[in-house]
Amino acid sequence: MIWLTWRQFRVQALTALAILAAAAIYFLVTGLQMHHTYTADLATCTPRHDCSDVLSQFGQSYNSAFNLTELLVIAAPGLIGIFWGAPLIGRELETGTNQLAWTQSVTRTRWLAVKLAGVAIASIATAAVLSYLLTWWAGPLDHINGNRFAAMTFSSRDIVPLAYAAFAFALGATAGLLLRRTIPAMAVTLAVFVGIQILVPTMIRPNLLPSTTVTFPVNKTTASQATGIYTRGGGSEIYIAGLPVPQGAWVISAPPVEDSSGQVAAAYNHLHCFPGTSGPPTKGAGLDVDQTAACLAAYNLHQSVTYQPARYYWPLQWYETGIFLALAGALSCTSFWWIRRRRT
């Protein structure tokens, strides 16, 4: 069975090896150049204590490649589920070739176990290589951005891509087994995986660990620590941008400014605090933000920020990895239960 599984999977395996080799060459060549440039830029600007412009230009020069590589690593587990998982069993059941193995003294359980184990290991190894390469390659850019909790950044770094690959593969294999058709199984795998990738960062990940909420009064002192004040919704909402939270923290929510009764404060009710401006007021945009904040202070307004500290990064990585591995295990158990109860 091991030899047969390899014969059936060798085209996909060799294709993956070629893609990984090309990715490794790209990451190594451009990564060494990027790390060297980053180190040189830091050495130049650090004595002047002014690295913001230099690092900003450095980040912009790699912005397109950065976004593309993140997207590819995030998409890799989904592609594994679609093109490796869904056809693995679905095609066999669709064409009836599984009957040949079952009549050669190979039990259904053994047949399924060898197929799942062999390709699952290849799936996890592929995701591991891509994740490691991207995590190393994007190190300088992640340090500049300072937000490892960003949805695409978190989902494409360190250990969670391995769990995503295991889950996507198990999802595709289970869909192929239950539907007994390759194309419908691929469609279901794509839909479920995309839905999970949207649900987890927005609904599950923020609630895995307790968050901290800090309330800032709207006054001159707060404005001096922020980066600006702006309005949204035609003046129906006021926001203070860049409120001081711990470095590297994951800001989960920052709702608009509210009054003492918890109602959203509208800018058009305080137009005298926004004189001479037709657009969003920000520092350096011709509006005295400190003066505006001092004016708004008379109305006892405040803005709250909910965040999770930077030290939660690795616990969240492990928790999310455990969740997806558990889902992969549950799907695999479902596959074994289903194939043993089927008579045909």
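Here is a list: 297, 326, 310, 293. Which entry is open to solvent by 10 Å² or more (accessible area, probe 1.4 Å), more than 31 Å from the chain's Cα centre (by Cα) and not charged (D, E, K, R)?
That would be 297, the only listed residue that is open to solvent by 10 Å² or more (accessible area, probe 1.4 Å), more than 31 Å from the chain's Cα centre (by Cα) and not charged (D, E, K, R).
Filter region 156-166 down to residues that are open to solvent by 10 Å² or more (accessible area, probe 1.4 Å) and assigned to a loop (DSSP other than H, G, I, E, B) and give me whichever is nearest to residue 320 (Cα to Cα).
159
Let me confirm something: among 21, 16, which residue is touching a residue at least 60 places away in the same chain (Cβ under 8 Å) and either open to solvent by less than 40 Å² (accessible area, probe 1.4 Å) or out of contact with any strand residue (DSSP E or B) (no Cβ under 8 Å at 6 or more places or on another chain) (or both)?
16
Scan region 117-128 residue by residue and report those that are crowded, with 17+ Cβ neighbours inside 10 Å and either modelled with pLDDT of 90 or more or outside any helix (DSSP H, G or I) (or both).
120, 122, 123, 124, 126, 127
In the list 55, 42, 79, which residue meets the criterion of being at pLDDT 90 or above and of a type outside the set (Lys, Arg)?
79
Please enumerate the residues belonging to region 211-240 that are out of contact with any strand residue (DSSP E or B) (no Cβ under 8 Å at 6 or more places or on another chain) and modelled with pLDDT of 90 or more.
Of everything in region 211-240, nothing turns out to be out of contact with any strand residue (DSSP E or B) (no Cβ under 8 Å at 6 or more places or on another chain) and modelled with pLDDT of 90 or more.
Restricting to region 137-155, and then to whatever is in a helix (DSSP H, G or I) and among the hydrophobic types (A, V, I, L, M, F, W, C), can you tell me which residue is farthest from residue 246 (Cα to Cα)?
Filtering first and then ranking leaves 137.
Which one is modelled with the lowest pLDDT among residues in region 84-113 that are among the β-branched types (Val, Ile, Thr) and open to solvent by 30 Å² or more (accessible area, probe 1.4 Å)? Let's see the steps before the verdict.
Here is the first cut: in region 84-113, the residues among the β-branched types (Val, Ile, Thr) are 89, 95, 97, 103, 106-107, 109.
From what's left, open to solvent by 30 Å² or more (accessible area, probe 1.4 Å): 95, 97, 103, 107, 109.
On the way: 95: 70, 97: 63, 103: 58, 107: 76, 109: 80.
Looking at residues that are among the β-branched types (Val, Ile, Thr) and open to solvent by 30 Å² or more (accessible area, probe 1.4 Å), I get 103.
Tell me which residues, restricted to region 175-223, are part of a helix (DSSP H, G or I), closer than 21 Å to residue 307 by Cα, open to solvent by less than 60 Å² (accessible area, probe 1.4 Å) and of a type in the set (A, V, I, L, M, F, W, C).
Across region 175-223, the qualifying residues are 200, 223.
The values are calculated or read from the model by the stated rules, or taken from the named source; none is laboratory data. All values reported here derive from a predicted model rather than from experimental measurement. FYI the Cβ positions are ideal-geometry reconstructions off the backbone, even for glycines, and counts take in every protein chain you see. Calculation scope for accessible area: heavy atoms of the full protein, side chains included, ligands and nucleic acids excluded. Shrake-Rupley method; radii C 1.70, N 1.55, O 1.52, S 1.80 Å.
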